Amino acid sequence: MKRIHAMPFGSTLRPDGISFRLWAPDAKRVELVLEEAGARVVMPLNAAGEGWFERTHADARAGTQYRYRIDGKTEVPDPASRHQPQDVHGPSEVIDPQLYDWRDAAWRGRPWHEAVIYELHVGTFTREGTFEAASRRLEYLRDLGVTVVELMPVADFPGARNWGYDGVLPYAPDSRYGRPEDLKRLIDQAHGLGLAVMLDVVYNHFGPDGNYLHVYAHGHFFNQAHQTPWGAAINFDGRGSRVVRDFFIHNALYWLEEFHCDGLRLDAVHAIRDDSKPDILTELAETVRRGPGRERHVHLVLENDDNAARYLGAGTPDASRGYDAHWNDDAHHAFHVLLTGERDGYYADYADRALGNLGRALTEGFVYQGELSRYRHRPRGEPSRHLPLTAFVAFLQNHDQVGNRAYGERMSVLAKPEAVRAGLALLLLSPSIPLLFMGEEFGCTQPFPFFCDFGGELARAVTDGRRREFASFARFQDPGAIESIPDPSAPATFESAIIDWDALNQPRHADWHAHVRELLRVRHREIVPRLPSLASRGGRFTLLDDQALSLGWQCTGGDSIRAIANLGEREMRIDPPPHGCVFFYGSASAAGGRMAPWSVAWFIEPAQS
């Protein structure tokens with residue numbers, strides 16, 4: 001089976017050759033530079049009006065490498081390049097998407113309520129750091145109980161190592177990870193194993209190295225009226241914004257159609273500035289729902305620090321416009337305060353009533369639904385209790401919450417093992433969609449620090465800026481402590497993050513892995529089948545004392561899901577569950593009506609009781 005997404009820009013194979021099309025509204029002249037066997041052929045593109053330049057060349061073919069020359073001076077890659085064999089500053093390569101034969105014609109995806117997400121970074125997930133190597137671990141993820149593999153951004157970034165959020169060519173999978181067909185093969189194999197694949201995409205900015213749009217479209221692709229942490233915002237609502245909006249909407253469709261991805265996670269959409277109606281987020285969701293979303297399960301997830309519940313329409317009467325879910329940082333922060341005791345930085349917003357904050361996150365979605373955030377000095381969030389709890393992705397760790405720490409420490413080294421295991425028992429069995437960060441399932445202790453591969457002044461600026469971020473923290477007041485923060489550009493920083501799979505051979509890590517696998521088995525057996533029937537208005541929680549809480553979620557058919565969590569150092573007494581309940585422990589055992597410290601008990605209460 002063949003798959004291709006047709007685009008109005010980039011290079012396209014036609015019966016009469018290769019069509020090249022570039023939008024360069026700030027350029028007076030654009031030339032096509034073909035590079036083959038050491039020879040360079042230069043030919044003009046034809047002005048087609050409204051900033052477009054185009055040409056069809058009969059002698060070009062799949063594999064041809066090319067650039068565009070702007071106004072006789074600067075040579076640039078194609079912003080819609082499908083492959084960059086020599087990195088972001090090199091030539092683009094013509095790709096024929098139909099050379100890959102797909103084997104997943106019957107694949108229709110998986111319903112969202114079944115999702116157990118596993119977030120991974122391709123470059124550090126294996127020693128090889130490639131799509132091919134990652135594909136060899138797919139059976140392991142399936143056997144663990146994962147149903148969705150979420151790849152951190154793969155769009156081409158500068159250098160050999162990067163988290164992916166500094167991408168500059170959003171259509172080109174980074175060549176360090178492999179060729180486009182290698183990514184397609186990974187997704188194809190995942191589907192054969194029953195695994196969905198989601199991709200993290202960045203539509204709020206471009207990285208600082210390798211973005212040439214300012215050379216030929218700065219006055220149109222960016223909007224100085226809106227400013228972001230990265231400078232002028234991407235132009236979604238000013239002059240020329242229609243082409244810019246199409247560039248990103250086509251990118252979403254490209255990954256969903258040409259690569260057959262099952263969904264997208266949109267990074268930090270609170271940094272997107274768009275005053276138009278509908279805004280770009282709404283238009284993108286509507287386009288996806290009318291397109292690939294009509295034929296199969298396609299999932300759209302947001303990261304949005306504003307807690308904007310209005311975008312979460314999937315699963316409601318407004319499903320044609322909405323997103324399936326939102327990364328719930330509120331749940332993470334509440335978990336983190338309780339399990340580690342840390343209360344500085346943004347955790348200060350969750351330190352008061354920490355147990356109640358966790359209860360609210362697990363039963364209503366957001367902790368902040370319009371309340372004043374002292375850390376941000378403004379009200380934050382919108383009401384979320386009316387939404388299904390599957391509209392929230394919950395986690396104890398993810399790339400941000402680990403990697404944004406000075407040393408990139410994981411939860412497994414910040415909290416006691418029994419505390420983390422209790423947290424996992426709550427996370428993996430609660431109705432929200434759970435996410436595991438790579439290695440978390442076996443208690444990985446390796447860090448995941450921020451790393452990149454910039455050069456010269458930019459590298460020094462990134463290192464200095466990274467260390468300035470933490471200069472105000474008490475533990476870094478000593479200059480020597482600041483210098484100990486890993487240098488993002490050092491190869492050793494990247495190397496420290498590569499997963500050590502041999503750790504699974506150690507009894508401690510093997511036992512941790514078995515704990516997570518069993519929790520996920522219980523989730524798929526007892527929780528997932530009941531999620532579609534959960535009442536839409538969240539659940540309820542009760543504080544039992546200063547370290548324990550009771551949680552409950554009612555199903556429309558009458559069954560109830562219940563949990564009691566003892567998240568402290570004291571043993572506590574609990575009442576035995578009603579007769580006839582399906583009863584199981586998520587962490588430490590309980591006996592004789594007493595519950596051990598750091599333990600979680602779950603039970604299903606049938607309708608008749």
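Nothing in this text is a laboratory measurement; each read-out follows from the coordinates by a stated rule. These numbers were taken from a predicted model, which means no experiment stands behind them. Cβ placement follows ideal geometry from the backbone for every residue including glycine, while neighbour counts extend to all protein chains displayed.
Name all residues of segment 168-210 having a backbone nitrogen under 15 Å from the label point set 7 Å from the Cα of Arg103 along its Cα→Cβ direction, giving them as ranges.
Only 182-195 fall inside the zone, counting backbone N under 15 Å.
Output the 0 to 90 degree angle, nearest 10, between the alpha-carbon long axis of helix 354-364 and the longest principal axis computed from the alpha carbons of the chain.
On a 0 to 90 degree scale, this one is about 70.
Which label marks the calculated value of P(r) over Cα pairs in 20 Å bins from 0, in percent, given the options (i) 19, 53, 24, 4, 0; (ii) 15, 36, 33, 15, 1; (iii) 19, 43, 29, 8, 1, 0?
Correct label is (i).
Give me a comma-separated list of calculated 3J(HN,Hα) values for segment 156-161, in order, Karplus coefficients 6.51, -1.76, 1.60 applied at θ = phi - 60°, integers in Hz, x for any Gly or Pro.
Once rounded to whole Hz, the list reads 4, 10, x, x, 9, 8.
What dipole magnitude, in Debye to the nearest 20, does segment 511-609 give about its Cα centre under +1 on Lys/Arg Cβ and -1 on Asp/Glu Cβ? Intermediate values should be presented prior to the final figure.
On the way: 11 positive and 10 negative charges, 64 e Å.
Charge dipole, segment 511-609, about its Cα centre: 300 debye, nearest 20.
What stretch of the chain, leaving out the sites themselves, is the longest with no GluC sites (Glu not before Pro) in a DSSP loop having at most 15 other Cβ atoms within 10 Å?
On the way: sites that count: Glu50, Glu128, Glu295, Glu371, Glu569, Glu571.
Result for the longest clean stretch: 372-568.
Using only Cα atoms, find the angle between the long axis of helix 241-257 and the longest principal axis of the chain, and express it within 0 to 90 degrees, rounded to the nearest 10.
For 241-257 against the chain, the angle is about 60 degrees.
Towards the positive end of the charge dipole of segment 534-605, with charges on Cβ (+1 Lys, Arg; -1 Asp, Glu), say which of Leu551, Ile564, Ala596 has the farthest Cα.
Leu551
State, to one decimal in nm², a quarter of the convex hull surface area for the C-alpha atoms of segment 323-453, i.e. the direction-averaged projected area. Please report the intermediate quantities before stating the final value.
Values: hull surface 34.3 nm².
Averaged projected area of segment 323-453's Cα convex hull equals 8.6 nm².
Just going by the charge dipole of segment 534-605, with Lys and Arg at +1 and Asp and Glu at -1 on Cβ, which of Phe584, Ile574, Leu534 is farthest out on the positive end?
Leu534
Add +1 for every Lys or Arg and -1 for every Asp or Glu among the other residues with Cβ under 12 Å from the Cβ of Leu458, and state the total.
Numbers: positive: Arg460; negative: Asp166, Asp209, Asp453, Glu457, Asp464.
Neighbourhood net charge equals -4.
Would you grab the residues whose amide H sits under 5 Å from the one on Gln397? Only those 5+ places off in sequence or on another chain, please, with H modelled 1.01 Å from N.
It is Phe437, by chain and number.
Using the Karplus equation 6.51 cos²θ - 1.76 cosθ + 1.60 (θ = phi - 60°), what ³J(HN,Hα) coupling, rounded to whole Hz, does each residue of segment 420-431 give in order, writing x for Gly and Pro?
5, 5, 5, x, 5, 5, 6, 4, 7, 10, 6, x
Over segment 534-605, what lengths in whole Å, largest first, do the semi-axes of the equivalent ellipsoid take, defined as the square roots of 5 times the eigenvalues of the alpha-carbon gyration tensor? Kindly include the intermediate steps, with their values, before the conclusion.
Values: eigenvalues 96, 41, 15 Å².
Values for segment 534-605, descending: 22, 14, 9 Å.
What relative contact order, as a whole-number percentage, does the chain give when Cα pairs under 8 Å and 6 or more residues apart are counted?
Numbers: 1290 pairs, mean separation 63.4, N = 609.
Relative contact order here is 10 percent.
How far is helix 456-469 tilted off the main Cα axis of the chain, in degrees rounded to 10, range 0 to 90?
Relative to the chain, helix 456-469 is tipped by roughly 20 degrees.
Want the number for Glu132 to Asp275: 0.36 nm per residue separation, take away the alpha-carbon distance, what's left?
Numbers: separation 143, 0.36 × 143 = 51.48 nm, distance 4.19 nm.
My answer for the length gained is 47.3 nm.
Can you tell me how much longer the chain between Glu295 and Ser550 gets when fully stretched, taken as 0.36 nm per residue apart minus their C-alpha distance, in nm with one decimal?
Result for the pair: 87.7 nm of gain on full extension.
Could you give each residue of segment 369-382 its phi-based ³J(HN,Hα) in whole Hz, using Karplus coefficients 6.51, -1.76, 1.60 with θ = phi - 60°, and x for Gly or Pro?
10, x, 6, 6, 8, 5, 5, 8, 6, 6, x, 9, x, 10
How large is the dipole of the chain about the Cα centre if only Lys and Arg carry +1 and Asp and Glu carry -1, each at its Cβ, rounded to the nearest 20 debye?
Values: 66 positive and 82 negative charges, 210 e Å.
So the dipole magnitude of the chain works out to roughly 1000 debye.
May I ask for the distance between the Cα centers of segment 9-27 and segment 401-473, given as a whole number of Å?
Segment 9-27 and segment 401-473 have Cα centres separated by 42 Å.
Calculate, for Tyr346 and Leu504, the FRET efficiency according to 1/(1 + (r/R0)^6) with r their C-beta to C-beta distance and R0 30 Å; round to the nearest 0.05. Working shown, then result.
Working: r = 33 Å, r/R0 = 1.11.
Computed FRET efficiency for Tyr346 and Leu504: 0.35.
Quick one: work out the % antiparallel among DSSP beta bridges in the chain, nearest 5.
Numbers: 66 of 92 bridges.
Beta bridges within the chain, antiparallel portion: roughly 70 percent.
Write out the trypsin sites (Lys or Arg not before Pro) in segment 556-605 meeting two conditions: DSSP loop, and at most 15 other Cβ atoms within 10 Å of their Cβ.
Arg570
Sequence-distant or interchain residues sharing an amide H contact under 5 Å with Leu302, placed H: which?
Leu266, Ala325, His326, Trp327
Mind listing the long-range amide H neighbours of Trp163? Cut-off is under 5 Å, sequence gap 5 or more, other chains count too, H placed in the peptide plane at 1.01 Å from N.
Amide H neighbours of Trp163, under 5 Å, 5+ apart: Phe451.
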